[in-house]
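Worksheet: one structure, shown below.
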Amino acid sequence: MVAMDLSEMEVVYQHPHALVDMYTHFCPGCTHGVAHRLVAEVLDEMALSERTIGVASVGCSVFSYNYLNIDFVQAPHGRAPAMATGVKRVLPDHIVMTYQGDGDMISIGAGEIVAAAGRGENITVIFINNANYGMTGGQMAPTTLPGMKTSSSPNGRDVEQAGYPILACELLSTQQGASYIARRSLHDPKNIRMAKKAIRLAFETQVRGLGFSMVELLSTCPTNWHMTPVKAVKWLEEKMIPYYPLGDYKVHPTISELKV
Amino acid sequence: MQNETVIAGFGGQGVLFLGKVMAYAALFEDLKVTWFPSYGPEMRGGTANCTVVISDEEIGSPQVKNPKAIVVMNRPSLDKYEHMVAPGGYLVINTSMVNRKATRTDIHVLEIPSVELAEELGDKRLANTIILGALNEKAKFLKKESLLKGLEESLSHGKKDLLEINKKAMEKGAAYITTQ
Amino acid sequence: MARELWKGNEAFAEAAVRAGLQAYFGYPITPQTEALEYLSARMPELGRAFLQAESELGAINMVYGAACTGARVMTSTSSPGTSLMMEGLSYIAATEVPMVLVDVVRGGPGLGTIQPSQGDYNQIVHGGGHGDYHCIVLAPSTVQEAVDQVYEIFDLAEKYRSIGVILLDGTIGQMIEPAEMPPMREIRKEIPEWAVRGGTGSNKRVLTSVHLVPEDMEVLDLRLIKKWQEVEKNEVRFTEYYMDDAKIAVVGFGTAGRIALSAVRTARALGIPVGLIRPISLSPFPYQAIKEAAAQVDHILVVEMNSGMMLEDVMKVVKDSTNVEFYGRMGGIMPFPDEILSEIQRIASGTTPSDIHPRDRWLKRMESVVDF
């Protein structure tokens, strides 16, 4: 066997520095890990780790602070944008990001997220939309699709009784203070690459002081959806994307001219 | 030594302002003083009153049941407060806005047609200062110089042009009450 | 610095600025709004952070975020707003980041009145938020005390990595009194060791209140209580008036305490041997001072602008050793000194010992005062 000199080789792929090297506690097929990795890669590429402070939220997303190799604080349920505001206002030269799930951000935290967007708070929000409350066992979330069965909508979400899903990108993009609002999906490699680019642009928005940025990532929750991981990504593609159209909802002109 | 003055009227009659002039005057005399307003949710036109307690020792309660002096700028205030004046104390009635006499006989009643007197000075907004001049002339809670300095301090924020005429109003109130 | 006239709300706001306040987050609510308004001009003028939040929920969590960076940070609100902040306070207590809250108390429950009250005693002194935690709580009775306590409480909050609360009756927020401002302190330059600042690898810091392993949570809980013992040992404050030869002790804090002072003076002039104990730190509570007073006097009269919340703390140490009486006004009504004087006179003229709780006896007496 011929020994290879690794130092001679070009590194084309490696573990991001901003991602802690550890076993995941997330369920098999969950896309939180993908989202974490994309954030970590962007932090590495932009060399932001040394000046970034993350704000974790409540739900499965809370343990983002174990995976991302940056300083973190942890907010009460829904209040991450407010807490991020507090951090950003005293450390304006730092990069501040929240990492929030759908129940956290658009149900209990709807007030805080709208207020932060309206203020043009110069923070970046990574929004994981998996259409249910994952950590508590798959209850109906504001993002649960009409007709979708959850542990608290056993007969499927009845819009007559429980109303319609809240469309976060559509809502927040109406805010003047918002500078970058995009929805992406994590169901296949192509979309994952597009998601990474959106995350990059969201941080670029903050670095340039342009105001509020948010990337919604359509994500899977195989355990609570009662599906295999493969079936879950297929379901996401077929059911969620039609309801939550992918795309750029608002892009500041400076960012739309940017090549990344 | 402690004396208490309640000033009551409609919002806009300069009730809180008079209290502040007295508070500043007390400060200049190095006395202890507390100015406490009744505060309500209405921004305009409601009833307003404040209590000014002046003392030479640490002030306990910021309001008392039977103050030494009560200034009533309107009829509802007379009806509400007349019975509360401490015996031997002072009830100052703004007769321009009050259409009845006081009924108490165990107190000093000072009747001041403040608006008419103010109009003689060319500005009816001076009515409250005239009242203060009259009250202090009789009750002598504070030195006249301190009150004038209190006026100066209270009018220091962009209202300096009103200072001289207010000083005149204070003198006019004092002069009026000594002739009664 | 000479004495100047200050409105209570503006005075404590300026005192905070002089204590080196780096960030303020708040929401308008009567009767504390003047503090928010004052700081909206004052903080930007000094290049410091000010933000009017979307709600009290927003405000307390902005405070939480800023506190995690080690900044000197404060919010102020009034009772209904304090209720909304309880969630954040519990999280902040668990995370052990220092902050200061000024609660300008108004009458409740519910939206209540905007008039002064002491009805937040229980929610501030005995928790309010979930879980086992304590706040350091000081209660001023004058504008000068409000200034001095706000100036000092940042140091206490930082010393113990704790929440410092000024329980300020609406009275003190709204009144004008002469006060002397302390000197302007420099903004603190050094970052506390525990504060987040941007760090990776071995420098990474996580400030969280989640401890899903119960054994870990218990360790934190026990440590918080141990820390509180230190606070109890070092930070008890109270003041006494005419207690040397007193046979009746009136106990009241804040506004009720100063109103009682007027009554005590009059009673003394009438020859009644009565004194006053005014707790300044409500948490930690001056239990020892009350205990010693109980050994000296025949009667203790607790006076509050609530239904006897501090009364329970007094009774906890007095037990059956001394007769305890209570007088309170509620809902935004301030007692006149005469009312407290009548109580002192009633007690001095001889009361029969009773097994009935002092609150129940008071409530019965109130039937002749108020129709309810």
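Bear in mind that the values in this text are calculations on the coordinates, not laboratory data. None of these values were measured; they are calculated from a predicted model. FYI the Cβ positions are ideal-geometry reconstructions off the backbone, even for glycines, and counts take in every protein chain you see.
Assuming charge only on the beta carbon of Lys and Arg (+1) and of Asp and Glu (-1), the dipole of the protein assembly as shown about its Cα centre is about 1060 debye to the nearest 20.
Note: relative contact order over chain A, using C-alpha pairs below 8 Å and six or more positions apart, is 18 percent. Separation of the stretch B:97-118 from the stretch C:199-242 is 63 Å, based on Cα centroids.
In plain terms, the residue of A:214, A:135, C:243 with the fewest other Cβ atoms within 10 Å comes first and the most crowded comes last, giving A:135, C:243, A:214.
Shape analysis of the protein assembly as shown yields a ratio of the Cα radius of gyration to the Kirkwood radius, Rg/Rh, of 1.07.
For the stretch A:65-130, build the convex hull from the C-alpha positions and give me its volume per residue in Å³.
Values: hull volume 5.4 nm³, N = 66.
Enclosed volume per residue, from the Cα hull, is 82 Å³.
Decide, for chain B, between rounded, prolate and oblate: order the square roots of the alpha carbon gyration tensor eigenvalues as a ≥ b ≥ c, take rounded if a/c falls under 1.5, and otherwise choose prolate if a/b is larger than b/c, else oblate. It is rounded, given that a/c, with a ≥ b ≥ c, falls under 1.5.
Could you identify which residue out of C:156, C:46, C:57 has the top mean-square fluctuation in a GNM of chain C using Cα springs shorter than 10 Å? Top of the fluctuation ranking is C:46.
Using C-alpha pairs under 8 Å with a sequence gap of at least 6, the mean separation divided by the residue count of the stretch C:4-234 gives a relative contact order of 25 percent. Pairwise inverse Cα distances across the stretch C:4-234, averaged and inverted, put the Kirkwood hydrodynamic radius at 17.7 Å.
The separation of the stretch C:50-100 from the stretch C:262-323, counted between C-alpha centres, amounts to 33 Å.
What share of the DSSP beta bridges in the protein assembly as shown is antiparallel, in percent to the nearest 5? Provide the component values of the computation, followed by the final result.
Values: 35 of 112 bridges.
Here the antiparallel bridges make up roughly 30 percent for the protein assembly as shown.
Pairs of alpha-carbon atoms within less than 8 angstrom and 6+ residues apart define the contacts here; what relative contact order does the stretch C:220-318 have, in percent?
On the way: 143 pairs, mean separation 33.3, N = 99.
Dividing the mean separation by the residue count of the stretch C:220-318 yields 34 percent.
Scan chain A and report its longest stretch carrying no GluC sites (Glu not before Pro) that are both in a DSSP loop and have at most 14 other Cβ atoms within 10 Å.
Details: sites that count: A:10, A:257.
Counting only loop sites that pass the neighbour cut-off, the longest clear stretch is A:11-256.
For the stretch C:277-372, which trypsin sites (Lys or Arg not before Pro) are both in a DSSP coil and crowded by at most 16 other Cβ atoms within 10 Å? Sites meeting the loop and neighbour criteria: C:319.
Most exposed first by the Cβ proxy, i.e. fewest other Cβ within 10 Å, how do A:104, A:5, C:155 rank?
Listed from fewest to most nearby Cβ atoms, that is A:5, C:155, A:104.
Beta bridges per DSSP, both residues in chain C: antiparallel share near 25 percent. Here C:143, C:317, C:125 are placed in order of increasing Cβ neighbour count within 10 Å, fewest first, which gives C:317, C:125, C:143.
At a Förster radius of 35 Å, what calculated FRET efficiency corresponds to the Cβ-Cβ distance of residue C:40 and residue C:212, to the nearest 0.05? Working from the Cβ atoms, E equals 0.30. Rounded to the nearest 500, the 222 nm mean residue ellipticity of chain B from helices alone is -11500 deg cm²/dmol, with -39,500 (n - 2.57) taken per DSSP H run of at least 4 residues. In the protein assembly as shown, a dipole from Cβ-located charges (positive for Lys and Arg, negative for Asp and Glu) runs towards its positive end, and of B:97, A:83, A:58 it is B:97 whose Cα lies farthest in that direction.
From the alpha carbon centroid of the stretch B:143-157 to that of the stretch A:111-179 is 60 Å.
Let me know the charge dipole size of chain C about its Cα centre in debye, to the nearest 20, where only the beta-carbon of Lys, Arg (+1) and Asp, Glu (-1) is charged. Working shown, then result.
Working: 34 positive and 48 negative charges, 88 e Å.
Roughly 420 debye for chain C.
Anyone know which of C:145, C:218, C:180 comes out most mobile in the 10 Å Cα GNM of chain C? The residue that fluctuates most here is C:218. Here residue B:20 is the anchor, and the lysines within straight C-alpha reach of less than 19 Å, apart from those fewer than 8 places off in the same chain, are B:32, B:68, B:140, B:143, B:144, B:149, B:159, B:160, B:167, B:168, C:7.
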